[in-house]
Amino acid sequence: MRIESIRDIPEGFIKKFKQEGIKKLYPAQEEAIKKGIFQGKNLVIATPTASGKTFIATLGIIKNFITSKKILYIVPLVALASEKYHYYRTFFGDKMKIAISVGELDSYEPALRYYQLIVVTSEKLDSLLRHGIDWLSEVGLVIVDEIHLINDSGRGPTLEIIITLLKKYIPYAQFLGLSATITNVEELADWLKAEVVKSDFRPVKLYEGIYFNSRLYFLEKRSLTLESISVEEAITKDTIKKKNKQLLVFVSTRRIAENLTERLAKIVSEYLKEEEKRYLKKLSEDILNQLSTPTRQCRKLAEVVKKAVAFHHAGLLSKQKALIEDNFRKGLIKVVCCTPTLALGVNLPAFRVLIRDIKRYYSGLGSLEIPVLEYKQFAGRAGRPQYDRFGEAVIIAKSEEDKNRLIKKYILGKPEKIESKLSQEKSLRIHSLALIASEIASSLEGLLDFFALSFFGFQYKDLSFLKDKLTKILYDLESWNFIQRKANNLEATFLGKRITSLYIDPKSANFLIEALRLAKDLGISEFGILQALCYCDEMQPNLNVRAKDLEILQDTVNLYKDKILMDIPLLWDENYEEFLKSIKTALCFFAWINEAEESQLFEEFQITPGELHSKLEIIDWLVYSLIEIAKLLKFKEFCSLFKKLRWRLNYGVKEELLELVSLHGIGRVRARRLFEAGIKNLYHLKKAPFKTVKEILGEKIALKVLTEVR
């Protein structure tokens, strides 16, 4: 079927697709049209990576745009939200109002009612639903990207709950689920009352192979002999020798990713042209300068980028990751060594993918082989539609026997069934309070009825085993004064409603309330509050404790034992290790607000720039929640301290610099320079001679700052 054959959308959009190089539809795209995407039918698209799922989603968006209905595009990650937002902004131009909503979790963002396409993360949409958005009835299409992540123990429960809520609130809306190939897609589609569109077709042929004893074995083509050097180096060398080919290497840990790039950089650098080296040098400088004081990790990354190699993991700053992704797409970076998070993120295909580590460490379980579904996600990155006729995905065998086993399990095997993870106690607790606060359920039976509508209820039918869990959860919520019984009905208290709108775990909220009560008696300290916040589940995982940290941490406990706002566990208690981790994380934040240099934090606490910035975002949200709880419970004497603490965490400064950092363009370093020069507040700055300020800040920034302050 050719693109011109589509009669259900305006000609202008057909031209737009042609400009993207789409001339003929892939089988799944044609099947989606036949199965009713233009007639408002629910569909679950289960096809490999790069098989045209975004095109199908775009057809649905265009159809609903024409009929003036809103569209929700749900994604699991902020990076993916950004990618979709920018794609559709480019595709629709000024024809459609498009919004991205990924941040503030205590706002219903009233401006969203004026947008037609809203790209949103699962957590943000859950928060919007809790705040009672008034435009939901206008939604005609719900697109759920990566819908198979219902199977994920972390993200899955929230995704499942919001789909269940949307099915309840807007039953006549069209649902479009986009998925990798999964074994029980029919079961998922039955739950959504949807048609299945599935296909193994890929526009670029994928060859899956095994590396063993210096040879690459493929089932569907001839084997290939490589040099007798390490597997990573041999595969890298063979890839780079092919014209314009690139390699992704999936590894299990950040440390492996970083160390491996240094080895591979030596190989890749030999094949670079002079012009590429010039561009890479500039890119290296951009990466290095994302922090005012580059860390060891920044320097290591910048050094390998000069040689067209990079590592990519959650420890990097988002701007550094974006630079790597953009320049890999451009072909400037040839090899990226990455952790599994990249497989769920942005679209980043390569000619060849090496899944170096088929095993990974799982907390409490040890080292286990990854699921087939995850392997297929990695392998699906191989083959670039614009550049390659085929792609190759490779895993490593240790013996002939291992080779045969891996072929059977991963290459010929089927992905695991996806299963609901909604029965976890934490998920049930969070969502039960939200359901009661939203008046969707007012009893144990009402909760069971709602969960019966979920994918969990669809899979397991008999929910009687949930009854005991929910009974305990309701007892806890009532004892914490988050719900109350009235005439045999459950109602959320005002406090309970506020907790659910703040989007924190009720257990964490109760812990913070108890900490506030203790603070009333013990007095309050910045460190005591930081430790309490770090002990909340939202901050997990806390920083790891090494043997050499124990003495310092124990000294810290002894120093602040009268200000720690919880019962200190005994040395032999099972939660003592977690307590020490919270102490170490709190110490890191304490050093940050007392203006320790970032490089010092990274060395002393073994925290990466990406981790620090991520944890600062989480603790900002928790401090904000703490302020709101303190207001509600009449702990107003603490609110001023908490607000100052929030500002200090935001800027990483002592209290004396708060006035100065409130100015645009003045961060912690420039503020300290001004302060030490005797310019200690806005009044001093207003009266200061331009020459003095220029010497401290430079002419350009001095002009801006003095214009603002005056």
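Do you know which of the residues in segment 229-244 that are part of a helix (DSSP H, G or I) and of a type in the set (Ser, Thr, Tyr) is surrounded by the most Cβ atoms within 10 Å (Cβ to Cβ)?
Of all residues in segment 229-244, those part of a helix (DSSP H, G or I) come to 231-241.
Filter again for of a type in the set (Ser, Thr, Tyr), leaving 236, 239.
Numbers: THR236: 27, THR239: 21.
Only one residue tops the list, namely THR236.
Working carefully through the options GLU123, GLU160, GLU104, GLU109, find the one that is over 17 Å from SER501 (Cα atoms) and not hydroxyl-bearing (Ser, Thr, Tyr). Please lay out each step first, then the result.
Values: GLU123 fails: over 17 Å from SER501 (Cα atoms); GLU104 fails: over 17 Å from SER501 (Cα atoms); GLU109 fails: over 17 Å from SER501 (Cα atoms).
None of the other options fit; the residue is GLU160.
Anything in segment 679-710 that is assigned to a loop (DSSP other than H, G, I, E, B) and under 23 Å from ILE593 (Cβ atoms)? List them, or say none. Spell out how you get there, then give the answer.
So in segment 679-710, the residues assigned to a loop (DSSP other than H, G, I, E, B) come out as 679-681, 688-689, 698, 710.
Correct list: ILE679, LYS680, ASN681.
For VAL653, all conditions in the list (1) surrounded by fewer than 16 Cβ atoms within 10 Å (Cβ to Cβ); (2) not in a helix (DSSP H, G or I) hold save one; what is the number of the exception?
Result: VAL653 fails condition (1) only.
Counting only residues that are part of a loop (DSSP other than H, G, I, E, B) and closer than 22 Å to GLY523 by Cβ, how many does segment 605-649 have? Walk me through it before giving the result.
Taking segment 605-649 as the starting set, the residues that turn out to be part of a loop (DSSP other than H, G, I, E, B) are 606-608, 633-635.
From what is left, the residues that are closer than 22 Å to GLY523 by Cβ are 633-635.
Result for segment 605-649: 3.
Give the residues of segment 322-343 that are assigned to a loop (DSSP other than H, G, I, E, B) and touching a residue at least 12 places away in the same chain (Cβ under 8 Å), sorted by residue number. Break it down into steps so the answer makes sense when it comes.
Here is the first cut: in segment 322-343, the residues assigned to a loop (DSSP other than H, G, I, E, B) are 330-334, 339.
Passing the criteria: GLY331, LEU332, ILE333, LYS334, THR339.
Being among the β-branched types (Val, Ile, Thr) and in contact with an Asp or Glu (Cβ under 6 Å, 6 or more places away or on another chain) is the filter here, so list the residues in segment 221-261 that pass it.
Taking segment 221-261 and keeping what is among the β-branched types (Val, Ile, Thr), we get 225, 229, 231, 235-236, 239-240, 249, 251, 253, 256, 261.
Listed by number, the list holds a single entry, VAL251.
How do the pairs read when you match residues in segment 620-637 that are in the same structural domain as ALA519 (by TED's automatic domain parsing) and without any contact (Cβ under 8 Å) to a residue 12 or more places away in the chain with residues anywhere that are of a type outside the set (Phe, Trp, Tyr) and surrounded by 18 or more Cβ atoms within 10 Å (Cβ to Cβ), using Cβ under 8 Å and keeping only pairs 6 or more apart or on different chains?
Cβ pairs passing all conditions: LYS636/ALA630.
Does ALA350 count as surrounded by fewer than 21 Cβ atoms within 10 Å (Cβ to Cβ) and within 23 Å of the chain's Cα centre (by Cα)? Reasoning before the result, please.
On the way: surrounded by fewer than 21 Cβ atoms within 10 Å (Cβ to Cβ): no; within 23 Å of the chain's Cα centre (by Cα): yes.
Spelling it out, it is not the case that ALA350 is surrounded by fewer than 21 Cβ atoms within 10 Å (Cβ to Cβ) and within 23 Å of the chain's Cα centre (by Cα).
Given the conditions (1) at pLDDT 95 or above; (2) closer than 18 Å to PRO157 by Cα, and given that PHE465 satisfies all but one, which numbered condition is not satisfied?
With (1) at pLDDT 95 or above; (2) closer than 18 Å to PRO157 by Cα applied to PHE465, the lone miss is (1).
Of the conditions (1) assigned to a strand (DSSP E or B); (2) at pLDDT below 90; (3) closer than 26 Å to THR225 by Cβ, VAL353 satisfies every one except a single condition; which number is it?
Only one criterion in (1) assigned to a strand (DSSP E or B); (2) at pLDDT below 90; (3) closer than 26 Å to THR225 by Cβ is unmet by VAL353, namely (2).
Among the residues in segment 518-526, are any modelled with pLDDT under 95 and either over 30 Å from VAL653 (Cα atoms) or surrounded by 22 or more Cβ atoms within 10 Å (Cβ to Cβ) (or both)? Explain how you work it out, then say what you get.
So the first thing to find is which residues in segment 518-526 are modelled with pLDDT under 95, and the list is 518-526.
Right, trim to either over 30 Å from VAL653 (Cα atoms) or surrounded by 22 or more Cβ atoms within 10 Å (Cβ to Cβ) (or both) and you get none.
No: zero hits.
Listed here are the residues, each with its yes/no results for (1) outside any helix (DSSP H, G or I); (2) surrounded by fewer than 17 Cβ atoms within 10 Å (Cβ to Cβ); (3) touching an Asp or Glu at 6+ places or on another chain (Cβ under 8 Å).
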position: GLU514; (1), (2), (3): no, yes, no
position: CYS534; (1), (2), (3): no, no, no
position: ILE564; (1), (2), (3): yes, no, no
position: SER582; (1), (2), (3): no, no, no
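Quick check on my filter: what residues within segment 584-598 are at pLDDT 90 or above and surrounded by fewer than 20 Cβ atoms within 10 Å (Cβ to Cβ)? Explain how you work it out, then say what you get.
Within segment 584-598, the first condition is being at pLDDT 90 or above, and the residues that meet it are 584-596.
Those that are at pLDDT 90 or above and surrounded by fewer than 20 Cβ atoms within 10 Å (Cβ to Cβ): PHE590, ALA591, ASN594, GLU595, ALA596.
Taking ILE14 as meeting all but one of (1) buried (at least 24 other Cβ atoms within 10 Å of the Cβ); (2) modelled with pLDDT under 95; (3) not basic (Lys, Arg), write down the number of the exception.
Unmet condition: (1).
Would you check which residues across segment 664-676 are surrounded by 15 or more Cβ atoms within 10 Å (Cβ to Cβ), free of Cβ contacts under 8 Å to residues at least 60 places away in the same chain and not charged (D, E, K, R) and list them?
Selection gives ILE666, ALA671, LEU674, PHE675.
Wholly within segment 406-487, which helices (runs of 4 or more DSSP H) include no fewer than the required count, namely at least 1 residues that are among the basic types (Lys, Arg)? Write out each step before concluding.
Details: elements: 425-437, 444-452, 455-460, 464-479.
So the answer is 425-437, 464-479.
Based on what the data block shows, is ASP549 outside the structural domain of ALA437 (by TED's automatic domain parsing), assigned to a helix (DSSP H, G or I), at negative phi and not hydroxyl-bearing (Ser, Thr, Tyr)? Can you show your working first?
Details: outside the structural domain of ALA437 (by TED's automatic domain parsing): yes; assigned to a helix (DSSP H, G or I): yes; at negative phi: yes; not hydroxyl-bearing (Ser, Thr, Tyr): yes.
Against the criterion (outside the structural domain of ALA437 (by TED's automatic domain parsing), assigned to a helix (DSSP H, G or I), at negative phi and not hydroxyl-bearing (Ser, Thr, Tyr)), ASP549 qualifies.
In this structure, does GLY52 turn out to be within 33 Å of the chain's Cα centre (by Cα), at pLDDT below 90, surrounded by 17 or more Cβ atoms within 10 Å (Cβ to Cβ) and outside the structural domain of PRO349 (by TED's automatic domain parsing)? Walk me through it before giving the result.
Details: within 33 Å of the chain's Cα centre (by Cα): yes; at pLDDT below 90: yes; surrounded by 17 or more Cβ atoms within 10 Å (Cβ to Cβ): yes; outside the structural domain of PRO349 (by TED's automatic domain parsing): yes.
Answer is yes for this residue.
If you check ASN594 against the conditions, is it more than 17 Å from LEU516 (Cα to Cα), of a type outside the set (Phe, Trp, Tyr) and in contact with a Pro (Cβ under 7 Å, 6 or more places away or on another chain)? Outline the logic, then answer.
On the way: more than 17 Å from LEU516 (Cα to Cα): yes; of a type outside the set (Phe, Trp, Tyr): yes; in contact with a Pro (Cβ under 7 Å, 6 or more places away or on another chain): no.
No.
Any chance you could count how many residues in segment 322-347 are of a type in the set (A, V, I, L, M, F, W, C) and either more than 20 Å from the chain's Cα centre (by Cα) or outside the structural domain of ALA265 (by TED's automatic domain parsing) (or both)? Write out each step before concluding.
In the first step, residues of segment 322-347 are kept if they are of a type in the set (A, V, I, L, M, F, W, C); the result is 322-324, 328, 332-333, 335-338, 342-344, 346.
With either more than 20 Å from the chain's Cα centre (by Cα) or outside the structural domain of ALA265 (by TED's automatic domain parsing) (or both) added as a condition, the list becomes 328, 332-333, 335.
Total meeting the criteria: 4.
The values are calculated or read from the model by the stated rules, or taken from the named source; none is laboratory data. On a predicted model such as this, the values are computed, not experimentally measured, just so you know. Positions of Cβ are backbone-derived with ideal geometry, glycine not excepted, and every protein chain shown enters the neighbour counts.
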